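Undergrad: The structure under discussion is supplied below as structure tokens; questions concerning it will follow.
The values are calculated or read from the model by the stated rules, or taken from the named source; none is laboratory data. Just so we're clear, the structure is a prediction, and the values are computed from it rather than from any experiment. Glycine also receives a Cβ, built like all others from the backbone with ideal geometry; neighbour counts cover every protein chain displayed. For the accessible areas, the whole protein counts, side chains as well, though only heavy atoms, and no ligand, DNA or RNA atoms are used. Shrake-Rupley method; radii C 1.70, N 1.55, O 1.52, S 1.80 Å.
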Amino acid sequence: MITSIQIKPVRPQFHQAVAELMAYGFGHKFQKITSLSMYELAYVFEQMLNHPPMQQNTLRVIARQNEDIVGTMSLKWMEKSNRVAVKTVHANSHWWSKCNRISNGKRLLFITGLHLLKHTPKLNECYVEDLVVHPQHQGKGIGTQLLQWAQKYMLESQLFSFLSLHVASQNSQAIQLYERYQFRKQFNTNSFLTGLLLGEEQWHYMIYKGDSCV
């Protein structure tokens, strides 16, 4: 059964709920490296949402069913101006200072995990940085609708020529979904560090180009 949802850019009043979703989606990875509880992870993600980088090359949306937030997704792309990157460094350090409930050691491990998962998009690339569906609402087509929204956003923009994402090679269910919606594997990456620290060693890089994707 397909659930009817609204997809809109996130607003500050929803940051806490979105952070809890992100903690659920990434908890199994970041708990392995940081030993942070789900509550602590949600707290860190909330600080990141409250104090985002100053660049305008990201977009986070939420999926709402009535008043409930049932999913979230973040898109990322490259700015043409290099000056934006300088601003980003200062803004990123601000959320770090706000996480004073978390020890410096755990914060450093969290930053390490983020760095291992980081992908820097190329010009004309729209990258799906994350996509999470609430555990009680999975299997209702919400992830599919978020993915289709991203495809439409990419196709309607003059900035992009393709949509991309990474998916763990063990996540066969997600891979089947992406292939069903015309994403194609481009190459695999193997990282000993992500395997050791995050529990996922091999990743597929997949892209979608719309009607021209073969």
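Undergrad: For H94, tell me the accessible area in Å² from a 1.4 Å probe, rounded to the nearest 10.
TA: 80
Undergrad: Top to bottom by accessible area (1.4 Å), largest first, where do I142, I5 land?
TA: On the way: I142 0, I5 25 Å².
Ranking I142, I5 by accessible area, largest first, yields I5, I142.
Undergrad: Between segment 174-214 and segment 20-53, what is the separation of their alpha carbon centroids in Å?
TA: Between the Cα centre of segment 174-214 and that of segment 20-53, the gap is 23 Å.
Undergrad: Calculate how many DSSP beta bridges within the chain are antiparallel, expressed in % of all such bridges and rounded to the nearest 5. Walk me through the intermediate numbers first.
TA: On the way: 30 of 33 bridges.
So the antiparallel bridges amount to about 90 percent of the total.
Undergrad: Could you give me the percent of Cα pairs per 5 Å distance bin for the chain, shortest bin first, beginning at zero and ending with the bin that holds the maximum distance?
TA: 1, 7, 14, 18, 20, 20, 14, 5, 1, 0
Undergrad: Sticking with this structure for a sec: Please give the net charge around V167, taking every other residue with its beta carbon less than 14 angstrom from that of V167, where Lys and Arg add +1 and Asp and Glu add -1.
TA: -1
Undergrad: Among T3, S191, M38, flag the residue with its Cα farthest along the positive direction of the charge dipole of the chain, charges on Cβ as +1 for Lys/Arg and -1 for Asp/Glu.
TA: The one lying farthest along the dipole's positive direction is S191.
Undergrad: Once ligands and nucleic acids are excluded and a 1.4 Å probe is used, how much of R180 is accessible, expressed in Å² to the nearest 10?
TA: About 150 Å², ignoring ligands and nucleic acids.
Undergrad: Taking only DSSP H segments of four or more residues, each worth -39500 (n - 2.57), what value at 222 nm results for the chain once the sum is divided by all its residues, to the nearest 500 deg cm²/dmol? The partial results should precede the final answer.
TA: Numbers: 7 runs with 94 residues, N = 214.
Mean residue ellipticity, 222 nm, calculated: -14000 deg cm²/dmol.
Undergrad: Can I ask one more? Compare F183, F26 by solvent-accessible area with a 1.4 Å probe and give them largest first, with all protein chains kept in place. Walk me through the intermediate numbers first.
TA: Numbers: F183 0, F26 40 Å².
Sorted by accessible area, descending: F26, F183.
Undergrad: Now a separate question. Would you list, by chain and number, the lysines whose Cα falls below 25 Å from the Cα of K118, excluding same-chain residues fewer than 8 positions away?
TA: List returned: K8, K29, K32, K76, K80, K87, K98, K106, K152, K185, K209.
Undergrad: Taking the Cβ of T72 as the centre, find all other residues whose Cβ is under 13 Å away and add up their charges (Lys, Arg: +1; Asp, Glu: -1).
TA: Numbers: positive: K8, R11, R60, R64; negative: E20, E46, D68, E129, D130.
Residues close to T72 contribute a combined charge of -1.
Undergrad: Over the chain, what is the relative contact order in percent, taking alpha-carbon pairs closer than 8 angstrom and at least six residues apart? The partial results should precede the final answer.
TA: Details: 350 pairs, mean separation 45.2, N = 214.
Value for the chain: 21 percent.
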